[in-house]
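Have a look at the structure below before the remarks.
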Amino acid sequence: MGGMNIRNNIARIGATALIGCGLVATSVPAPQVVHTYADSAQFIAPDVWVEGQDLNIGGEGFKTADGTSGSVLALKLNKGAVKINGQDYLEIHADEAGNFSVAIPWQEELHGSVSVDIYLLSGSLKDGDVPRGGKAATVTI
């Protein structure tokens, strides 16, 4: 439950800051749980990726099979067809509680696209990790 409060606080602070700048808070998509895995791990991402800006994503409950440490995940865009800063995937290390928060840098290759598929994979980068895979989200650009 603790994670929820932190996220709500960040969302509130963010909205307040935007209103202070004269921007309409509703123009920024709120992060939402977009994919829940068999082991209850949850992937969180916004609906929209604003061109030229980082995409802030997160996860909760991404732990190894024995539950003692966080998973190591590979995040791919369009199954790896779109490179992330020249790499096939972005490597993400969840903390001991299985949580992570990361910004995916905007890739110029996405310019002109209407959406991008985010694939999240685990199980191969760390021994004893829970195998997860497939499309975690489709984000509109």
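The values are calculated or read from the model by the stated rules, or taken from the named source; none is laboratory data. This is a predicted model, so every value here is computed, not measured. Note that each Cβ is placed from the backbone with ideal geometry, even for glycine, and that neighbours are counted across all protein chains shown. Accessible surface areas use protein heavy atoms only, side chains included; no ligands, DNA or RNA. Shrake-Rupley method; radii C 1.70, N 1.55, O 1.52, S 1.80 Å.
List of remarks:
- Against the test of being touching a Ser or Thr at 6+ places or on another chain (Cβ under 6 Å), farther than 18 Å from Ile44 by Cα and modelled with pLDDT of 95 or more, the options Gly128, Gly86, Gly123 yield a single qualifying residue, Gly128.
- On the stretch given as the range 79-114, residues that are among the small types (Gly, Ala, Ser) and exposed (fewer than 14 other Cβ atoms within 10 Å of the Cβ) total 4.
- Output for the range 128-141, where each listed residue is part of a loop (DSSP other than H, G, I, E, B) and surrounded by 17 or more Cβ atoms within 10 Å (Cβ to Cβ): Val130
- Verdict on Ala65 being open to solvent by 70 Å² or more (accessible area, probe 1.4 Å) and closer than 16 Å to Ala38 by Cβ: yes
- Among (1) surrounded by 19 or more Cβ atoms within 10 Å (Cβ to Cβ); (2) free of Cβ contacts under 8 Å to residues at least 12 places away in the same chain; (3) acidic (Asp, Glu), the one test that Glu60 misses: (2)
- Restricting the range 35-48 to residues that are closer than 11 Å to Thr140 by Cα and part of a loop (DSSP other than H, G, I, E, B) leaves a set whose member that is most open to solvent (accessible area, probe 1.4 Å) is Asp47.
- Taken over the range 68-93, the criterion of being touching a residue at least 24 places away in the same chain (Cβ under 8 Å), farther than 20 Å from Val33 by Cα and of a type in the set (A, V, I, L, M) is satisfied by Val82 alone.
- Qualifying residue in the range 120-127 (condition: touching a residue at least 60 places away in the same chain (Cβ under 8 Å) and assigned to a loop (DSSP other than H, G, I, E, B)): yes
- Inter-residue pairs, beta-carbon under 7 Å, first farther than 11 Å from Trp49 by Cβ and in the range 94-106, second at pLDDT below 95 and small (Gly, Ala, Ser), 6+ apart: Asn99/Gly3
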